[in-house]
Amino acid sequence: MSRKNAKNIKSYNDKLHKAQDKEKAKKAERAALLKSMVRKFNQNRDEK
């Protein structure tokens, strides 16, 4: 399959962007989880 025509270029780019968005969402979710874990750890440490 050639990516020389507009339809194939669009299809390829859509797949690529979808994969990139998926990875970006994973990173954001992980960052939020780590942030909440740190916040909880700091609260527990301050209570002692």
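The values are calculated or read from the model by the stated rules, or taken from the named source; none is laboratory data. All of these numbers come straight from a predicted model, not from anything done at the bench. Don't worry about glycine lacking a Cβ; one is built from the backbone with ideal geometry, like all the others, and counts go over all protein chains shown. Heavy atoms of the whole protein, side chains included, go into the accessibility calculation; ligands, DNA and RNA do not. Shrake-Rupley method; radii C 1.70, N 1.55, O 1.52, S 1.80 Å.
Laid out as a table, the results:
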| item | result |
| --- | --- |
| Accessible carbon and sulfur surface of the chain relative to its total accessible area, %, 1.4 Å | 55 |
| Degrees, to the nearest 10: 6-47 long Cα axis against longest axis of the chain | 0 |
| Point-to-point label distance, ASP46-LEU33, nm (Cα→Cβ direction, 7 Å offset) | 2.5 |
| Positive-end residue, the chain charge dipole about Cα centroid, Cβ charges, pick of ASN44, ALA19, ASN8 | ASN8 |
| Residues of type lysines that LYS18 reaches as a straight line, Cα spacing below 23 Å, ignoring anything fewer than 8 places off in the same chain | LYS4, LYS7, LYS10, LYS26, LYS27 |
| Cα-based convex hull volume of the chain per residue, rounded to whole Å³ | 45 |
